[in-house]
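*Asks:* The structure follows.
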Amino acid sequence: MLFYLHPVYDVIPCKGTSALVKYYSILSAGRVYYVSYSFPEEMNRGSVIGNIAKDLGLDVNRLTSRKARIDAEGNKNRFCDINLRTGEIIVADRIDREVLCKERLSCTLNFEFVLENPLELHRVVLQIQDINDNTPVFPKDVIKLEISENADKGARFRVIEARDADVGHNSVQKYILEKKVNFVLAVNSKTDGSNYVELVLDKELDREEQTEVTLILTAVDGGTPPRSGTVAIHVTVLDANDNAPVFSQTVYKVSLPENSPLDTVVVTVSATDADEGQNGEVTYEFGHLSESAKETFSLDHQTGQIAVKGRIDFEDESRYDIIVEAKDEYGLSSDSKIVIEITDINDNSAEKGSRYLLDEAYDADIGMNSVQSYVIKDNEHFLLSVLTRENGRKYGELVLNKELDREEQTEVTLILTAVDGGTPPRSGTVAIHVTVLDANDNAPVFSQTVYKVSLPENSPLDTVVVTVSATDADEGQNGEVTYAFGHLPQKVQQLFFIDLVSGDIKLTGLIDYEIESTFELPIQAKDGQGLASYSTVLIDVIDVNDNAPITILKSLTSPVPENALPGTEVGIINVQDRDSENNGQVRCSIQQNVPFKLVPSIKNYYSLVTTGELDRELLSDYNITITATDEGSPPLSSTKNIHLTVADVNDNPPVFQEQSYRAHVQENNKPGSSICSVSATDPDWRQNGTVVYSLLSSALNGAPVSSFLSINGDTGVIHAVRSFDYEQLKSFKVLVLARDNGSPPLSSNVTVSVFITDENDSSPQILYPSPEGNSFMTEMVPKAAQARSLVSKVIAVDADSGQNAWLSYHIIKATDPGLFTIGVHSGEIRTQRDISESDSMKQNLIVSVRDNGQPSLSATCALYLLISDNLAEVPELKDMSRDESSSKLTFYLIIALVSVSTFFLTFIIIILAVRFCRRRKPRLLFDGAVAIPSAYLPPNYAEVEGAGTLRSTYNYDAYLTTGSRTSDFKFVRSYNEGLDADMGGTLRFNVSFLTFLMF
């Protein structure tokens, strides 16, 4: 991603706050900008420093989504922040230049402005301007001075100056002295540009007139408006000192050889004071000194010892006159004169023109015969000058014509000839051996002007860094070279030591490349007489891989949604290594078993991105280990553990534990009772995994399902809303919905089949014969009927099912108990034996029909049988009819007709109802087709829908003759008919008969 840069420009905000904005770009993985703002200290919190979004051309509306922020780069306090709505850098905490930078003139704070998606870095430098927010302060509230009353006019007394935490023009610029009684103020400048203050006695003090003097000293800075601080100066006037110190000698005369070593004691002066106590304590000071004397001699203020502190050179100064002042505690003093005679030593090369007196030649003659001239043999160094004394005698002087150099020629031999004036002249010669003495005319010479060495950091103590070497062509003391450092900062002095004699520079402290990578050591080589030369040692500190990389988590999006797409940035990592070059090159890696990777970004930044899909249900959090390894030898590494959680997304619908549910409920249950429970689980988290149950809306037999069942939304327990009747509803199905609380919600459903269990709550119903009271329905039994002949059949049904509908038939009362028997399961009445003539013609049977429920329910009916081949043979029938009154017969006839009509109509209605309503439990009516419920039957019974208790279809025709009081009952046939598909496979039973009632 490349970002384009505007030209460099200046921004000057309103309200007097100036800010300089500069941009520099470095192209790497992206573009990094440098932004600088200058503003005054002590701005209020929330004050605007500058609009960095505008200056960088950023979209303010995207600052929040890009997580714009200020990274303090290790600063403990967060001095500024960014307003995400406006893009302005604002003051977040108090910025006090004096606290941050103390007395440094330049004060800056460094930050990084970080943007994500994509990653951008901008270095922000805040230049803090000093404001005049500090008042000059004196170190003491009151300055106390004690001055003797006999202090001389012009005496000076030092006053501690005021300090101002501000810098530059806002610091102390001047002092003002108020109440100028006896004193005036002298403000002097130091070499570093600061000032110091002295009180100068302008008028002599008189203790008898005034014992104390109070002055007010004011220090004023140069701010606008100026600030000032004051201090009171209390001067206590002390009584005069009556006795001045007295030197032991008025004049001290001493001789001092030139080139005397430093710290040589020249003389010790001594003065005594007859006073006692402080008045008798004597200190020594130089009086007025020439500049050369100041640089040459020092004086111990307590002992009076004068020592050499500079070079003594006879050729420069052969005599020093020094005034030494002895002063007691309160200012009385006396002085003495020190005369120092410098004695010459042969420390200078003979200069051209130098003269050396020669001994005269002796000639016993006199006058012209004596020595008249001298001649020297030609040589390159000396000329001969012949001079005449006042007495007329000649003598010679050697005049140096060419400077001597001992280092080239240690001796010169001359031949001097003395010639007299006689005739012939006589001469005498002498050899002059000139020994060239060494003069300190050669300064030490270093073997190298600059020594360049490399030193690995963390080298052990006493390591020899380098040995400097200088030689001096002079000999003796003049050629003895010692070594010393030039001016070094205090912290450097603690790191290095130089041997004065050998020139070995050793390590005395810990060298850390990350603190200081180069050192420049000025070296001085000095001979015994003070001639010196200089060299420089440049030490390049070699970086050692002694710093492991540091991994800093700059940003982390946790939790991360589990539906985050591959490549989603979830974190920003910054890696730093204080080492340099390869030692500071860092590689980052991540373990292989996580769906994340590191993507290099700007500078030493990496983006932590997803590489695959996340599934919180499989793994809800990750412990990611990032390893940073540098390229040093051996490489150093460090690890950073990042805990990242995965946020749930509603991506899983509830899942029922079973594919379908079956519930069995006993009929006649209590409303509100639970019949079953369903359970669904959702692996999602919290509300996304919270399952709520409900019934899907549907209709059941025209009624809403909610009128049958209800479900607990939290537990999934299903309750019956009503009491069920098996005979009306055997089973039904409902859909249960499980829905989570996610957004949007997800759901699933399951089918719950409800089966109603039968209860023995219905008594058997006898369809034939009619179970009602008296009935004249009679069946004929032929006289020739043999054993096991079917004479009639009791037909009954039970609305219950299963064993509750298993019917059994029993004859509980009979006219002749041994004549007839009834099938326990079929209800067929048969003869047990052949009919005999002795058997009663009229046989009455009482039949009980019982079901198999617990407890068992039953019904009874009466059956009338006539053993006869012809109704006319039965006189009892006529008698029986006569026994009834004619009115009753008429009434019965009407009742019979109405009953037949009613049964017929009811039969038609039920058939229609079965066809259209498809009811499963129609009642079997007389003379019609009846649908009988299915139930389990014993082995001899046909199972049709599990309900019916009849096996076959029977037709019975009954005939009564007219005109006779006897009746014929004709048993015709028994036959089976097929199943009627429209009746759902039920058995159809047709019973038809015609009854004639004879009056």
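The values are calculated or read from the model by the stated rules, or taken from the named source; none is laboratory data. Since the model is a prediction, treat every value here as computed from it, not as a measurement. Virtual Cβ from ideal backbone geometry, glycine too; neighbours counted across all protein chains shown. Note: accessible area is taken over every heavy atom of the protein model, side chains too, but ligands, DNA and RNA are not part of it. Shrake-Rupley method; radii C 1.70, N 1.55, O 1.52, S 1.80 Å.
*Asks:* Restricting attention to region 258-289, which residues are in a strand (DSSP E or B) and under 18 Å from ILE322 (Cα atoms)? Walk me through it before giving the result.
*Replies:* So in region 258-289, the residues in a strand (DSSP E or B) come out as 265-268, 271-272, 283-286.
Those that are in a strand (DSSP E or B) and under 18 Å from ILE322 (Cα atoms): VAL265, VAL266, VAL267, THR268, ALA271, THR283, TYR284, GLU285, PHE286.
*Asks:* Just to confirm my filter: which strands (runs of 3 or more DSSP E) fall fully inside region 317-401 and include at least 2 residues that are among the charged types (D, E, K, R)?
*Replies:* Answer list for region 317-401: 319-327, 333-343, 394-400.
*Asks:* Only one of ALA796, ALA785 is aliphatic (A, V, I, L, M), open to solvent by less than 20 Å² (accessible area, probe 1.4 Å), modelled with pLDDT of 90 or more and farther than 30 Å from ARG722 by Cα. Can you tell me which?
*Replies:* Details: ALA785 fails: modelled with pLDDT of 90 or more.
Exactly one of ALA796, ALA785 is aliphatic (A, V, I, L, M), open to solvent by less than 20 Å² (accessible area, probe 1.4 Å), modelled with pLDDT of 90 or more and farther than 30 Å from ARG722 by Cα, namely ALA796.
*Asks:* Would you mind stating whether VAL282 is open to solvent by less than 20 Å² (accessible area, probe 1.4 Å), touching a residue at least 12 places away in the same chain (Cβ under 8 Å) and touching an Asp or Glu at 6+ places or on another chain (Cβ under 9 Å)?
*Replies:* No.
*Asks:* Shifting gears a bit: Please give the number of the condition ILE312 fails out of (1) open to solvent by 10 Å² or more (accessible area, probe 1.4 Å); (2) free of Cβ contacts under 8 Å to residues at least 60 places away in the same chain; (3) part of a loop (DSSP other than H, G, I, E, B).
*Replies:* Of everything listed in (1) open to solvent by 10 Å² or more (accessible area, probe 1.4 Å); (2) free of Cβ contacts under 8 Å to residues at least 60 places away in the same chain; (3) part of a loop (DSSP other than H, G, I, E, B), ILE312 misses just condition (1).
*Asks:* Follow-up. Going through GLY193, GLY229, GLY223 one at a time, which residue ends up being over 18 Å from LEU145 (Cβ atoms), in contact with a strand residue (DSSP E or B) (Cβ under 6 Å, 6 or more places away or on another chain) and either modelled with pLDDT of 80 or more or not assigned by the TED database to the domain that holds THR272 (or both)? Show your work before the answer.
*Replies:* Details: GLY193 fails: in contact with a strand residue (DSSP E or B) (Cβ under 6 Å, 6 or more places away or on another chain); GLY223 fails: in contact with a strand residue (DSSP E or B) (Cβ under 6 Å, 6 or more places away or on another chain).
Unique residue meeting the criteria: GLY229.
*Asks:* Listed residues VAL791, VAL754; which is part of a strand (DSSP E or B), under 30 Å from PHE656 (Cβ atoms) and either of a type outside the set (Phe, Trp, Tyr) or not assigned by the TED database to the domain that holds PRO671 (or both)? Before the answer, list the steps.
*Replies:* On the way: VAL791 fails: under 30 Å from PHE656 (Cβ atoms).
Selected residue: VAL754, the only one of VAL791, VAL754 that is part of a strand (DSSP E or B), under 30 Å from PHE656 (Cβ atoms) and either of a type outside the set (Phe, Trp, Tyr) or not assigned by the TED database to the domain that holds PRO671 (or both).
*Asks:* Residues of region 290-309 being assigned to a loop (DSSP other than H, G, I, E, B) and crowded, with 16+ Cβ neighbours inside 10 Å, which ones?
*Replies:* Filtering region 290-309 down to residues assigned to a loop (DSSP other than H, G, I, E, B) leaves 290, 300-304, 309.
Listed by number, the list holds a single entry, GLY304.
*Asks:* Among the strands (runs of 3 or more DSSP E) contained in region 634-739, which hold 3 or more residues that are more than 30 Å from TYR622 (Cα to Cα)? Break it down stepwise before answering.
*Replies:* On the way: elements: 637-647, 660-666, 674-677, 691-695, 709-711, 717-720.
Hits in region 634-739: 660-666, 674-677, 691-695, 709-711, 717-720.
*Asks:* Right, another one. Let me spell it out: the conditions are (1) open to solvent by less than 30 Å² (accessible area, probe 1.4 Å); (2) touching a strand residue (DSSP E or B) at 6+ places or on another chain (Cβ under 7 Å), and GLN765 meets all of them except one. Which number is the exception?
*Replies:* So the condition that GLN765 fails would be (1).
*Asks:* Give the number of residues within region 696-720 that are touching a Phe, Trp or Tyr at 6+ places or on another chain (Cβ under 6 Å) and either closer than 17 Å to GLU667 by Cα or at pLDDT below 90 (or both).
*Replies:* Here is the first cut: in region 696-720, the ones touching a Phe, Trp or Tyr at 6+ places or on another chain (Cβ under 6 Å) are 700, 711, 713, 716.
Now narrow it down to the ones that are either closer than 17 Å to GLU667 by Cα or at pLDDT below 90 (or both): 700.
Looking only at that region, the number is 1.
*Asks:* If a residue has to be closer than 18 Å to LYS783 by Cβ and out of contact with any strand residue (DSSP E or B) (no Cβ under 7 Å at 6 or more places or on another chain) to count, how many in region 833-864 make the cut?
*Replies:* Number satisfying all stated conditions: 6.
*Asks:* Wholly within region 57-174, which strands (runs of 3 or more DSSP E) include no fewer than the required count, namely at least 3 residues that are at negative phi, exposed (fewer than 13 other Cβ atoms within 10 Å of the Cβ) and at pLDDT 90 or above?
*Replies:* So the answer is none; nothing clears 3.
*Asks:* A further question on this structure: Kindly provide the set of residues from region 859-868 that are out of contact with any Gly (no Cβ under 9 Å at 6 or more places or on another chain) and closer than 19 Å to THR821 by Cβ, ordered by number.
*Replies:* Here is the first cut: in region 859-868, the ones out of contact with any Gly (no Cβ under 9 Å at 6 or more places or on another chain) are 859-861, 863-868.
Result: THR860, CYS861, LEU863, TYR864, LEU865, LEU866, ILE867.
*Asks:* Here is a follow-up. If you take the residues of region 208-237 that are touching a Ser or Thr at 6+ places or on another chain (Cβ under 8 Å) and either of a type in the set (Ser, Thr, Tyr) or within 19 Å of SER334 (Cβ to Cβ) (or both), which of them is surrounded by the most Cβ atoms within 10 Å (Cβ to Cβ)?
*Replies:* Filtering first and then ranking leaves SER228.
*Asks:* Tally up the residues in region 459-494 that are part of a loop (DSSP other than H, G, I, E, B) and not polar (S, T, N, Q), please.
*Replies:* At the first step, the residues of region 459-494 found to be part of a loop (DSSP other than H, G, I, E, B) are 459-463, 468-469, 472-475, 480-481, 486-489, 494.
From the residues that got through so far, the ones that are not polar (S, T, N, Q) too are 460-462, 468, 472-475, 480-481, 486-489.
Looking only at that region, the number is 14.
*Asks:* A follow-up question, please. Please state which of the following conditions TYR320 fails to meet, knowing it meets all the rest: (1) open to solvent by 80 Å² or more (accessible area, probe 1.4 Å); (2) over 30 Å from THR388 (Cβ atoms); (3) of a type outside the set (S, T, N, Q).
*Replies:* So the condition that TYR320 fails would be (1).
*Asks:* Is it true that SER620 is loosely packed, with under 15 Cβ neighbours inside 10 Å and either assigned by the TED database to the domain that holds PRO561 or touching a strand residue (DSSP E or B) at 6+ places or on another chain (Cβ under 7 Å) (or both)? Reasoning before the result, please.
*Replies:* Working: loosely packed, with under 15 Cβ neighbours inside 10 Å: no; either assigned by the TED database to the domain that holds PRO561 or touching a strand residue (DSSP E or B) at 6+ places or on another chain (Cβ under 7 Å) (or both): yes.
For SER620, the condition - loosely packed, with under 15 Cβ neighbours inside 10 Å and either assigned by the TED database to the domain that holds PRO561 or touching a strand residue (DSSP E or B) at 6+ places or on another chain (Cβ under 7 Å) (or both) - is not met.
*Asks:* Taking region 597-606, which residues are open to solvent by less than 10 Å² (accessible area, probe 1.4 Å) and either in a strand (DSSP E or B) or outside the structural domain of GLY632 (by the TED database) (or both)?
*Replies:* TYR605
*Asks:* Something else: Taking the residues in region 799-846 that are under 30 Å from THR757 (Cα atoms) and part of a strand (DSSP E or B) as candidates, determine which candidate is most open to solvent (accessible area, probe 1.4 Å). Steps first, please.
*Replies:* Filtering region 799-846 for residues under 30 Å from THR757 (Cα atoms) gives 799-810, 823-827.
Checking the rest, the ones that are also part of a strand (DSSP E or B) come to 808-810.
On the way: SER808: 25, TYR809: 2, HIS810: 53 Å².
Per the criteria, the residue is HIS810.
*Asks:* Considering only region 405-422, state which residues are farther than 30 Å from ALA364 by Cβ and touching an Asp or Glu at 6+ places or on another chain (Cβ under 7 Å).
*Replies:* ARG406
*Asks:* Which count do you get for residues in region 34-49 that are open to solvent by less than 10 Å² (accessible area, probe 1.4 Å) and under 19 Å from GLU112 (Cα atoms)?
*Replies:* 5
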